[in-house]
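Student: The structure's right below; bear with me while I get my questions together.
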Amino acid sequence: MLYLRGISIILLWARRSCLITFGLVLSLFWVPVIGQAEQLVVLSPHWEGIKYEFERAFKVFYMAETGREVEIEWIDVGGTSEILRFIKSEFSNKPSGIGVDLLFGGGLDPFLVLKQAELLQAYPLPPTLHSEIPPSLGGMPLYDPDMQWYGATLSGFGILYNKKVLGRLRLPSIATWEDLAQPAVFSWVGSADPRKSGSVHMMYEIILQAYGWDKGWEMITSIGANVRYFTQTAAQTPKDTALGEVAYGLSIDFLAWAQINDVGAEQLGFVMPRQLTVINPDGLAMLKGASNQAAAAAFMRFVLSAAGQKLWLLRQGMAGGPQRFQLNRFSILPALYTTVAPGETAVQMNPFTWEAAFSFDAQLAAKRWTMVNDLIGTLIVDQKQALNRAWRAAMANGLEAEERRRLAVLPVSEAETLQLAAQKWRDPAFRNATLNAWAQFARSKYQEGLTLPSLRPEWFTLAVGGLALGGILVSLWKHRRIRIRGQ
C-alpha cells in the first residue's frame, strides 16, 4: 500500500513538472506571437512621403477593421525597368512566390507586362467600392477587367518651365511637345533617361501615339538633340528646372507641382499639352503567391477607398488628408472632385474633364515598352555627343525638314519593332548584337554629311609658335634647376 502511494506521489509530481515545463516552453513561443504585428511586404518606387502617409493611415484602418497591428516592409529596387527585372528574376528562381505581397506604383506598363507573364493574383474589390471607379478615362483602362490590377491614383504628363530663365534669356514660351523640338531651345531642355524612368518613357510613348510613328520619332530625335543631359531619375529634371540648370523639363504632374509649391508659381509653370497628352493610372496589384493575402487585400481596399484617395488629393493639414507630406496626386474616384472643396485640393484640375485628340493604346505601349526604351537609349541617349554635332551642323544650315527626317531615320520599322518584341528580344545574345548594330547605325547616320575642319595657314603658324615657346620654357626651367644645384 505504501509502495503504491509512493508511486502515485511520484507520478503526480512528474505530471505537474511536465505541465510547468510545457507551460514555460509554450510561453517562450506564444507570448511574442500575441504581441507581434502582422507583416506586409510592398514593392514600390514611390517616394518616402507616399510611403509614410499610406503606412500611417493604413495602420489605423487595419486596427479598426481587424483589431490587429500591421507593419509594412517597403522594398525599393529602382524604377520601372528595375522593378520588372527584379520580379521576373525572383519568380524564375521561386515560381510559387517571391515573398512580396504587393506592387504599389510604377505607372501602368509594368502591370500589363506582369499580367501577361501571369505573375499577378486577382482580387475582386467589394461591389460598392468597385462601382465607384470608372472602367476607363480617355480610352485608358483604370482597372483590369480580370481584377488583377487597379489604378491607385492618376498621373498627367507635361512640361515644367522656369519663367525667370525664359525671361532672362528671351527663350520662347511652350505649349506642346513640338515646341521642345525647335532650334531656339537647344541645350535648354531637361529629360531623364527613359530606360531609368517609367514616367519619362510614358511621355515619349505618348508622343509616338499622338503624332504617329514616323513623325513621333522625328519629334523625339529633335527633343533629344535639344536635351542638355539625360538624368538617371525623373525627380532630378524638375529640380534642375527649378534651379535654372535647364529652362524646360519633361515632368510627371506631381513632381512638377511639388516644385511649384516649393518655389512659387511666379517662378515656375507647368503645362500639359492640350489634346496631346493623356492621364493614366498608377497601378496597385497583389503578386502571385503573396504570403499575407488578407493584409494585402485590406491595403488594396484602403488605398482605393475615399479615405485612401483623400491622401492623394487633399492639401497637407486638411481633415482626412496627409499630415506631414503633401502628395499632389489625382484621385481615381470622380465623386471626390465634387464633394471636396476646391481650396482643399492639392491639384489644379479635374482629370475626368480632360480630353485628348487621340486614343492611347495601352496594350500597344506595353508590347513595345522595352523596344522603345532600347531605341531611344541606343540611338539618342548613348549617342548624345554625335547627335549634338549633327544637330548643330543642321542648325547652321537652316535645319531643313529633310535633314530633320534624315537624323530621325530608324533601323527598324514599327511593324518590325513589334515583331522583334514578340519573338527574338528575349534572347540576350540576339538583343546585344542588335543593339551594337543600332549603335553603329546611329554613329554613321550622325556623321554623314559632317566634314572635318580644313587646316588653315594661321593654325599651322600658331601651332609652330606654341611648340617653339614651349621648348624655350622647358630650356629655361632646366637651366634654372642646374644653377640651383650648383649653389
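Student: Within the range 185-203, how many residues are among the aromatic types (Phe, Trp, Tyr) and either free of Cβ contacts under 8 Å to residues at least 24 places away in the same chain or assigned to a helix (DSSP H, G or I) (or both)?
Tutor: Number of matching residues: 0.
Residue-wise test of (1) of a type outside the set (A, V, I, L, M, F, W, C); (2) more than 29 Å from Arg85 (Cα to Cα); (3) crowded, with 23+ Cβ neighbours inside 10 Å; (4) out of contact with any Phe, Trp or Tyr (no Cβ under 6 Å at 6 or more places or on another chain).
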{"site": "Thr128", "(1), (2), (3), (4)": "yes, yes, no, yes"}
{"site": "Thr153", "(1), (2), (3), (4)": "yes, no, yes, no"}
{"site": "Leu160", "(1), (2), (3), (4)": "no, yes, yes, no"}
{"site": "Lys164", "(1), (2), (3), (4)": "yes, yes, no, yes"}
{"site": "Gly167", "(1), (2), (3), (4)": "yes, yes, no, yes"}
{"site": "Phe186", "(1), (2), (3), (4)": "no, yes, no, yes"}
{"site": "Met203", "(1), (2), (3), (4)": "no, no, yes, no"}
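Student: Right, next: Restricted to the range 302-323, and to residues that are touching a residue at least 24 places away in the same chain (Cβ under 8 Å) and surrounded by fewer than 19 Cβ atoms within 10 Å (Cβ to Cβ), which residue is nearest to Arg56 (Cα to Cα)?
Tutor: Selected residue: Gln323.
Student: Run Phe270 past the list (1) in contact with a Gly (Cβ under 8 Å, 6 or more places away or on another chain); (2) over 30 Å from Trp177 (Cβ atoms); (3) assigned to a strand (DSSP E or B); (4) of a type outside the set (D, E, K, R) and report the number of the one that doesn't hold.
Tutor: Evaluating Phe270 over (1) in contact with a Gly (Cβ under 8 Å, 6 or more places away or on another chain); (2) over 30 Å from Trp177 (Cβ atoms); (3) assigned to a strand (DSSP E or B); (4) of a type outside the set (D, E, K, R) leaves (2) as the failure.
Student: Take Lys115 and tell me if it is surrounded by 13 or more Cβ atoms within 10 Å (Cβ to Cβ) and outside the structural domain of Leu287 (by TED's automatic domain parsing). Break it down stepwise before answering.
Tutor: Working: surrounded by 13 or more Cβ atoms within 10 Å (Cβ to Cβ): yes; outside the structural domain of Leu287 (by TED's automatic domain parsing): no.
Taking the combined requirement at face value, the residue does not satisfy it.
Student: Do the conditions hold for Lys51, that is, is it at pLDDT 95 or above, within 20 Å of Trp149 (Cβ to Cβ), in contact with a strand residue (DSSP E or B) (Cβ under 7 Å, 6 or more places away or on another chain) and part of a helix (DSSP H, G or I)? If you could, list the steps in order and put the result at the bottom.
Tutor: Numbers: at pLDDT 95 or above: yes; within 20 Å of Trp149 (Cβ to Cβ): yes; in contact with a strand residue (DSSP E or B) (Cβ under 7 Å, 6 or more places away or on another chain): yes; part of a helix (DSSP H, G or I): yes.
The answer is yes for Lys51.
Student: From the list Lys215, Lys163, pick out the single residue that is charged (D, E, K, R) and either at pLDDT below 95 or touching a Leu at 6+ places or on another chain (Cβ under 7 Å) (or both).
Tutor: Answer to the selection: Lys163.
Student: Taking Pro238 as meeting all but one of (1) free of Cβ contacts under 8 Å to residues at least 40 places away in the same chain; (2) under 21 Å from Thr153 (Cβ atoms); (3) of a type outside the set (A, V, I, L, M, F, W, C), write down the number of the exception.
Tutor: (1)
Student: Given the condition hydrophobic (A, V, I, L, M, F, W, C) and in a loop (DSSP other than H, G, I, E, B), answer yes or no: does some residue in the range 291-307 qualify?
Tutor: No, because not a single residue in the range 291-307 is hydrophobic (A, V, I, L, M, F, W, C) and in a loop (DSSP other than H, G, I, E, B).
Student: Here is a follow-up. Are any residues in the range 237-252 in a helix (DSSP H, G or I) and hydroxyl-bearing (Ser, Thr, Tyr), and if so, which ones?
Tutor: Answer for the range 237-252, where residues must be in a helix (DSSP H, G or I) and hydroxyl-bearing (Ser, Thr, Tyr): Thr237, Thr241.
Student: Going by the conditions given, is Ala297 among the aliphatic types (A, V, I, L, M), surrounded by fewer than 24 Cβ atoms within 10 Å (Cβ to Cβ), in the same structural domain as Asn93 (by TED's automatic domain parsing) and in contact with a Gly (Cβ under 9 Å, 6 or more places away or on another chain)? Before you say what the answer is, go through the steps one by one.
Tutor: Details: among the aliphatic types (A, V, I, L, M): yes; surrounded by fewer than 24 Cβ atoms within 10 Å (Cβ to Cβ): yes; in the same structural domain as Asn93 (by TED's automatic domain parsing): yes; in contact with a Gly (Cβ under 9 Å, 6 or more places away or on another chain): no.
Judged against the criteria, Ala297 is not a match.
Student: Among the residues of the range 401-411, is there at least one that is touching a helix residue (DSSP H, G or I) at 6+ places or on another chain (Cβ under 9 Å), loosely packed, with under 14 Cβ neighbours inside 10 Å and not hydrophobic (A, V, I, L, M, F, W, C)?
Tutor: The answer is no, given that none of the residues of the range 401-411 is touching a helix residue (DSSP H, G or I) at 6+ places or on another chain (Cβ under 9 Å), loosely packed, with under 14 Cβ neighbours inside 10 Å and not hydrophobic (A, V, I, L, M, F, W, C).
Student: Would it be correct to say that Leu125 is hydrophobic (A, V, I, L, M, F, W, C) and in a strand (DSSP E or B)?
Tutor: No: the conditions fail for Leu125.
Student: Now for a different question. Filter the range 72-100 for residues that are out of contact with any strand residue (DSSP E or B) (no Cβ under 9 Å at 6 or more places or on another chain), part of a helix (DSSP H, G or I) and not charged (D, E, K, R); which is surrounded by the fewest Cβ atoms within 10 Å (Cβ to Cβ)?
Tutor: Selected residue: Asn93.
Student: Still on this model: Looking at Ala234, Ala175, can you tell me which residue is under 28 Å from Arg405 (Cβ atoms), touching a strand residue (DSSP E or B) at 6+ places or on another chain (Cβ under 8 Å), in the same structural domain as Ile260 (by TED's automatic domain parsing) and not in a helix (DSSP H, G or I)?
Tutor: Numbers: Ala234 fails: under 28 Å from Arg405 (Cβ atoms).
After applying the criteria, what remains is Ala175.
Student: Could you tell me which numbered condition Trp257 fails, if it satisfies all but one of (1) touching a strand residue (DSSP E or B) at 6+ places or on another chain (Cβ under 8 Å); (2) surrounded by fewer than 21 Cβ atoms within 10 Å (Cβ to Cβ); (3) modelled with pLDDT under 95?
Tutor: (2)
Student: Looking for whichever is farther than 21 Å from Val200 by Cβ and in a helix (DSSP H, G or I) here; the options are Leu387, Leu364, Leu420. Which one fits?
Tutor: After applying the criteria, what remains is Leu420.
Student: Only residues that are under 30 Å from Thr339 (Cα atoms) and surrounded by fewer than 20 Cβ atoms within 10 Å (Cβ to Cβ): list them for the range 359-384, please.
Tutor: Ser359
Student: Now, a different point. How about the range 218-231: which of its residues are part of a helix (DSSP H, G or I) and closer than 14 Å to Gly377 by Cβ?
Tutor: Ile220, Thr221, Gly224
Student: Here's something else I'd like to know. Answer yes or no as to whether Ile206 is in a helix (DSSP H, G or I), under 22 Å from Ile50 (Cβ atoms) and among the β-branched types (Val, Ile, Thr).
Tutor: Here the answer is no, as Ile206 does not meet what is asked.
The values are calculated or read from the model by the stated rules, or taken from the named source; none is laboratory data. This is a predicted model, so every value here is computed, not measured. Cβ: placed from backbone, ideal geometry, glycine included. Neighbour counts: every protein chain shown.
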